[in-house]
Amino acid sequence: LLVGVGGSGKQSLSRLASFICGLEKFQIVVTAKYGIANFKEDLQHLYHKCGQKNQQYAFLITDSQIVVKEMLVYLNDLLNSGNIPDLFPPEDIDSIQSSMINEAKSQGIVELIPSVLWQFFINKVRANLHTILCFSPVGQQFATWCREFPALANTTVIDWFHPWPQQALVSVAERFLSDVHLNDCVDAIAEHMAFCHEKITERSLHFLTEEKRYCYTTPKSFLELIQLYKDLLASKREALDTNRQR
């Protein structure tokens with residue numbers, strides 16, 4: 001469970017971690033007509049891949065993709081035990097149980113009754129499916145969901161995304177400015193960018209106190225600041241070159 005405001009890098013870090021661990025990434029595609037039936041189909045697809053084909057997946061889902069609250073019921077069961085009661089119709093359950101017989105035998109399981117085969121399938125899903133929740137703590141929604149669906153917090157490892165320290169801001173700015181010809185000014189410009197970002201964060205707290213409104217600064221907004229500077233610098237240099245050549 002990754003908790004941080006939008007733009008703090010939750011999804012980017014999840015994709016990087018999935019790649020490092022050699023996991024296939026799966027993320028639902030929300031459309032205007034996406035509902036609980038579509039979510040069940042996506043979960044069935046994941047269960048087949050992880051349980052029957054023994055493939056390892058990272059299932060990434062964000063709070064903005066929770067379009068109906070019933071999706072949290074399925075996520076709660078998925079995190080709690082892996083066994084989602086009404087996910088598969090009876091005929092699919094029979095097919096899955098039959099497909100597990102040979103593999104269960106090879107694992108030394110003697111009692112090949114339906115309940116044992118189903119649990120064997122669920123255990124495989126739990127071993128191969130890695131669920132990553134990317135939620136924002138802004139507002140009351142996150143706290144409400146954790147109260148109503150306790151598995152979201154009780155069965156996950158929670159990683160809070162805090163603001164970048166000043167040293168990290170300077171280091172990132174220097175890295176992104178390294179390909180720009182700035183003579184010996186890179187360090188000073190990077191320091192100034194970090195200073196501006198931190199001051200905006202401080203003023204946001206005053207804005208919250210005075211106006212009771214939130215204004216967030218995130219790593220994404222800092223990267224956008226760097227890109228804006230590079231774009232403006234390039235356009236101004238191009239304009240100067242054009243004027244010189246007249």
So residue 160, is it open to solvent by 80 Å² or more (accessible area, probe 1.4 Å), within 27 Å of residue 56 (Cβ to Cβ) and not charged (D, E, K, R): yes
Any hit, segment 165-175, residues being exposed (fewer than 14 other Cβ atoms within 10 Å of the Cβ) and in contact (Cβ under 8 Å) with a residue 24 or more places away in the chain: yes
Hits in segment 28-73 - residues which are part of a loop (DSSP other than H, G, I, E, B) and either open to solvent by 40 Å² or more (accessible area, probe 1.4 Å) or among the acidic types (Asp, Glu) (or both): 29, 30, 31, 32, 33, 53, 54, 55, 56, 67, 68, 69
Segment 30-45 residues that are of a type outside the set (A, V, I, L, M), paired with ones that are in a helix (DSSP H, G or I) (beta carbon under 6 Å, 6 or more apart): 39/71
Residue count, segment 198-220 (criterion: within 23 Å of residue 171 (Cβ to Cβ) and in a helix (DSSP H, G or I)): 8
Residue that is modelled with the highest pLDDT, among those in segment 5-27 that are open to solvent by less than 60 Å² (accessible area, probe 1.4 Å) and over 19 Å from residue 126 (Cα atoms): 10
Residue match in segment 135-148 (condition: in a strand (DSSP E or B), open to solvent by less than 90 Å² (accessible area, probe 1.4 Å) and either farther than 20 Å from residue 228 by Cα or of a type in the set (Gly, Ala, Ser) (or both)): yes
Residue within segment 105-116 that is outside any strand (DSSP E or B), open to solvent by less than 50 Å² (accessible area, probe 1.4 Å) and either under 25 Å from residue 36 (Cβ atoms) or in contact with a helix residue (DSSP H, G or I) (Cβ under 6 Å, 6 or more places away or on another chain) (or both) present: no
Count - residues of segment 181-195 that are within 19 Å of residue 236 (Cβ to Cβ) and exposed (fewer than 15 other Cβ atoms within 10 Å of the Cβ): 6
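The values are calculated or read from the model by the stated rules, or taken from the named source; none is laboratory data. As the structure is a prediction and not an experimental result, all values here were calculated from the model. Note: ideal-geometry Cβ built from the backbone for every residue, glycine included; neighbour counts use all protein chains shown. For the accessible areas, the whole protein counts, side chains as well, though only heavy atoms, and no ligand, DNA or RNA atoms are used. Shrake-Rupley method; radii C 1.70, N 1.55, O 1.52, S 1.80 Å.
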